[in-house]
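Structure first, then comments.
A short reminder: the numbers here are calculations on the coordinates, not readings from a lab. Since this is a predicted model, take the numbers as computed values, not measurements.
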Amino acid sequence: MLNFEEELKKFKPSLEVEDIENAVYQEDLSDMTDILREMMDQKNRGDFDGL
């Protein structure tokens, strides 16, 4: 039978997960609000031609 407390003590997170986490935090991710804000700024400047 498994001793979950002992198994948890041995647990080490995968390096891949940590690498992905660092990459995501360093990436500039735009969400819809950012995209709409940029489109509105372009429209106000006269740079936006539409979709």
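A few remarks follow.
- Cα-based helix-to-principal-axis angle, 32-45 vs the chain, degrees rounded to 10: 20 degrees
- Cα pair count fraction exceeding 17 Å, expressed as % - the chain: 65 percent
- When shorter helices are ignored and each DSSP H run of at least 4 residues is given -39500 (n - 2.57), the per-residue value for the chain at 222 nm works out to -19500 deg cm²/dmol.
- Our estimate of slack between residue 40 and residue 23, defined as 0.36 nm per intervening residue step minus the Cα-Cα distance, is 3.2 nm.
- Cα-based helix-to-principal-axis angle, 15-26 vs the chain, degrees rounded to 10: 20 degrees
- Here's how it looks for residue 48: its modeled amide H is under 5 Å from those of 43, which are all 5 or more places away or on a different chain.
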